Amino acid sequence: MRGFGRFVIATLCGLVIAVGIHIAAILASPYLADQDAFSKVQATLTAEKAQIISAPGGENTWLPNPDPATAVATCAFDLRNGPMRVSTRTGSLPLSFSFHKETGGVFFAVTDRAAVRGELEIVAMTGRQLDEARAAEDENDPSRDVRIVAPELQGFVIVRVVAPAPSLRPQAEEMAKAVSCTAEQDA
Amino acid sequence: MSIRRVPTALLVVYTLLLALGLGLSSAYWAINGNPPFGSLRLGPWQAWPLLGAPEADPYMRAIIARRGDVPLATGEGMGFRASTDSEGKPLDSACSYSIGPVAPIARVWTLTLYDQAGRLPATELGRRSFTSAEVLRDTQDRFSIVLSRTVQPGNWLQLPAEGPFTVALRLYDPPGAAGANLEETDMPVIQRLECGA
């Protein structure tokens with residue numbers, strides 16, 4: 001009976017530790033994943049323009065469940081190179097930006113409804129870069145940039161352009177490719 | 001003395017193996033499924049509104065990383081999935097279905113078929129999706145999309161040759177907080193028409 005009691009205690013200990021391992025594995029997996037979206041878009045870090053990852057039609061893409069009616073493009077960013085400015089001219093097709101952290105998870109999203117005079121421009125920066133930009137600013141001529149503080153140094157922007165009809169797909173792809181992502185030197 | 005020490009060591013090994021086995025296998029199982037919390041179910045349609053929000057829970061983050069997916073962000077749109085019809089029976093390409101007559105208000109919505117692996121199915125028709133701009137409507141602005149393997153008049157999507165499939169309804173740029181004020185009556189009904197053949 002004593003041996004059985006020890007066995008029960010060992011099993012209970014095992015279950016408690018298993019819960020801890022489960023939680024640790026779930027929390028760690030976004031950091032350990034090597035097949036996640038960020039690792040696939042990392043090659044676009046140096047590109048000046050957004051790179052198509054899923055052309056309309058949904059063929060030849062690593063993106064799971066692609067929507068054939070949308071063009072998806074991306075720019076990766078590394079804020080150690082300075083704040084990143086994402087800008088585009090909007091058109092008649094619905095366009096949206098979403099900002100993702102390296103470890104997955106969205107931290108900001110905006111659609112072209114927020115465009116000013118046909119321009120949609122967002123600057124992603126760290127909290128420190130924001131402070132520096134504010135300090136360097138001329139009080140009489142404040143910057144009109146829309147500034148977003150990124151929670152992590154690395155991440156990526158996803159550009160989605162919807163083509164409501166198949167004939168608009170080439171135009172959607174062109175619009176997605178035309179988005180520029182530039183690292184600013186000490187803006 | 002030695003008789004008592006061996007069982008203790010064995011018990012410790014047993015405890016650790018049990019913990020590792022259960023902990024890792026349950027985590028693996030969890031990140032290969034759907035997020036366990038925070039789902040929004042409207043009839044056959046299911047969505048995880050927080051999947052594209054900064055408040056996504058650790059399971060959602062782990063699952064996004066595992067899938068290599070980029071979910072629609074809150075404010076950008078909302079994606080619903082259905083793998084059953086409105087009566088709860090699994091969608092099967094041996095049957096035919098009609099989807100309609102209404103869809104939630106959005107700037108554009110798209111309705112897309114996927115196979116079990118999440119790929120676009122290969123069909124002779126080549127069309128796997130409808131958008132709100134393409135779909136033909138009646139005079140009351142209602143629509144009906146027929147999913148079947150054989151040709152149908154009106155809005156028709158061809159089903160793959162065999163096997164289960166899923167339908168995704170994506171709302172791009174919906175008004176208001178995405179999904180917060182949607183009700184089941186806003187969503188299209190997936191009605192099974194006939195089976196066999």
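Scanning the range A:26-43 for residues that are surrounded by fewer than 19 Cβ atoms within 10 Å (Cβ to Cβ) and hydrophobic (A, V, I, L, M, F, W, C), we see that the one that is farthest from B:V13 (Cα to Cα) is A:A43.
Return yes or no: is A:A24 in contact with a Lys or Arg (Cβ under 8 Å, 6 or more places away or on another chain) and either more than 7 Å from every other protein chain (Cβ to nearest Cβ) or not aromatic (F, W, Y) (or both)? No: the conditions fail for A:A24. The residues on offer are A:F77, A:F99, and the sole one that is within 25 Å of A:A28 (Cβ to Cβ), within 11 Å of chain B (Cβ to nearest Cβ) and of a type in the set (A, V, I, L, M, F, W, C) is A:F99.
Just wondering, is there one or more residues in the range B:67-81 that are surrounded by 18 or more Cβ atoms within 10 Å (Cβ to Cβ), basic (K, R) and in contact with a helix residue (DSSP H, G or I) (Cβ under 8 Å, 6 or more places away or on another chain)? No; the residues of the range B:67-81 include none that is surrounded by 18 or more Cβ atoms within 10 Å (Cβ to Cβ), basic (K, R) and in contact with a helix residue (DSSP H, G or I) (Cβ under 8 Å, 6 or more places away or on another chain). The residues of the range A:113-149 that are in a loop (DSSP other than H, G, I, E, B) and either modelled with pLDDT of 90 or more or surrounded by fewer than 10 Cβ atoms within 10 Å (Cβ to Cβ) (or both), listed by number, are A:R117, A:T126, A:D138, A:E139, A:N140, A:D141, A:P142, A:R144. Would the range A:3-13 turn up any residue that is at the interface with chain B (Cβ under 9 Å from one of its Cβ atoms) and at pLDDT below 85? The answer is yes, given that some residue of the range A:3-13 is at the interface with chain B (Cβ under 9 Å from one of its Cβ atoms) and at pLDDT below 85.
Yes or no: the range A:169-185 includes at least one residue that is at pLDDT below 90, hydroxyl-bearing (S, T, Y), at negative phi and under 22 Å from the mean Cα position of the chain (by Cα). For the range A:169-185, residues at pLDDT below 90, hydroxyl-bearing (S, T, Y), at negative phi and under 22 Å from the mean Cα position of the chain (by Cα): present.
Candidates are the residues of the range B:65-83 that are facing chain A (nearest Cβ under 7 Å) and assigned to a loop (DSSP other than H, G, I, E, B); the one that is farthest from the chain's Cα centre (by Cα) is B:G75.
Can B:G52 be described as in contact with a helix residue (DSSP H, G or I) (Cβ under 6 Å, 6 or more places away or on another chain), at pLDDT below 90 and not hydrophobic (A, V, I, L, M, F, W, C)?
On the way: in contact with a helix residue (DSSP H, G or I) (Cβ under 6 Å, 6 or more places away or on another chain): no; at pLDDT below 90: yes; not hydrophobic (A, V, I, L, M, F, W, C): yes.
No.
Is it the case that B:G163 is farther than 25 Å from B:G33 by Cβ, away from chain A (no Cβ under 14 Å) and surrounded by fewer than 20 Cβ atoms within 10 Å (Cβ to Cβ)? When the stated conditions are applied, B:G163 does not pass them.
Could you tell me how many of the residues in the range B:35-58 are assigned to a loop (DSSP other than H, G, I, E, B) and within 13 Å of another protein chain (Cβ to nearest Cβ)? Spell out how you get there, then give the answer.
Residues of the range B:35-58 assigned to a loop (DSSP other than H, G, I, E, B): B:35-39, B:43-44, B:48, B:53-57.
Those left that are additionally within 13 Å of another protein chain (Cβ to nearest Cβ): B:35-37, B:48, B:53-57.
Number of matching residues: 9.
If you scan the range A:150-165, which residues turn out to be part of a loop (DSSP other than H, G, I, E, B) and either within 26 Å of B:P174 (Cβ to Cβ) or not acidic (D, E) (or both)?
From the range A:150-165, those part of a loop (DSSP other than H, G, I, E, B) are A:150-153, A:163-165; that's our starting set.
Answer for the range A:150-165, where residues must be part of a loop (DSSP other than H, G, I, E, B) and either within 26 Å of B:P174 (Cβ to Cβ) or not acidic (D, E) (or both): A:A150, A:P151, A:L153, A:A163, A:P164, A:A165.
Scanning the range A:56-90 for residues that are more than 18 Å from A:S180 (Cα to Cα) and of a type in the set (D, E, K, R) returns A:E59, A:D67, A:R80. Of the residues making up the range A:1-55, not one is outside any helix (DSSP H, G or I), of a type in the set (D, E, K, R) and farther than 30 Å from A:A183 by Cα. Entry remark, the range A:2-25: residues being of a type outside the set (S, T, N, Q) and surrounded by fewer than 17 Cβ atoms within 10 Å (Cβ to Cβ) number 15 in total. The set of residues in the range B:107-130 that are at pLDDT below 90, of a type in the set (A, V, I, L, M) and in contact with a strand residue (DSSP E or B) (Cβ under 7 Å, 6 or more places away or on another chain) comprises B:L120, B:L125. With the structure loaded, tell me whether A:N65 is on the phi > 0 side of the Ramachandran plot, in contact with a strand residue (DSSP E or B) (Cβ under 7 Å, 6 or more places away or on another chain), in the same structural domain as A:M175 (by TED's automatic domain parsing) and modelled with pLDDT under 90 or whether it fails that test. The answer is yes for A:N65. Return yes or no: is B:A27 facing chain A (nearest Cβ under 7 Å) and either in a helix (DSSP H, G or I) or acidic (D, E) (or both)? Considered against the rule, which asks whether it is facing chain A (nearest Cβ under 7 Å) and either in a helix (DSSP H, G or I) or acidic (D, E) (or both), B:A27 comes out as yes.
The values are calculated or read from the model by the stated rules, or taken from the named source; none is laboratory data. Being a predicted model, the structure only gives us computed values, none of them experimental. Neighbour counts run over all protein chains shown; Cβ positions are idealised from the backbone, glycine included.
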